[in-house]
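What follows is a set of notes on a single structure, which appears directly below.
The values are calculated or read from the model by the stated rules, or taken from the named source; none is laboratory data. Worth saying up front: this structure is predicted, and the values here are computed from it rather than measured. Surface accessibility is based on the protein's heavy atoms, side chains included, excluding ligands, DNA and RNA. Shrake-Rupley method; radii C 1.70, N 1.55, O 1.52, S 1.80 Å.
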Amino acid sequence: MLVIALVGLIIIEIGLLEGFLPYRWQHAIHQQSERIFPRAKYDPHPDMGWEFELDYQQHPSHRVAMYGFLGALVVGAAYLISKVWRRLRRVS
């Protein structure tokens, strides 16, 4: 069970860290993941990521707030990963 939790937390951490990448890289990653794992299209907005990027360019404080929130989530996930890893090593 701990291994499943560890793998899940690592996947979440990778997804959170992707938020720190530039928009072009994020967009390229999403396009490739759509090719590998196709799913039904549901587009409430054709390119919501670009809308956020435009907002961040117009209001740098929004980007700072987003990075602060994302950073807190990354630190929290890293803390949980370390706790699960220690518990896993103790059990082994």
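Is there a residue being over 15 Å from the mean Cα position of the chain (by Cα) and either modelled with pLDDT of 90 or more or closer than 15 Å to Leu17 by Cα (or both) anywhere in the stretch 64-71? Yes; the residues of the stretch 64-71 include at least one that is over 15 Å from the mean Cα position of the chain (by Cα) and either modelled with pLDDT of 90 or more or closer than 15 Å to Leu17 by Cα (or both). Selection over the stretch 18-58 of residues that are hydrophobic (A, V, I, L, M, F, W, C) and either over 16 Å from the mean Cα position of the chain (by Cα) or modelled with pLDDT under 85 (or both) gives a count of 6. Can you find even one residue in the stretch 9-17 that is assigned to a helix (DSSP H, G or I), open to solvent by less than 90 Å² (accessible area, probe 1.4 Å) and modelled with pLDDT under 90? Yes, the conditions are met somewhere in the stretch 9-17.
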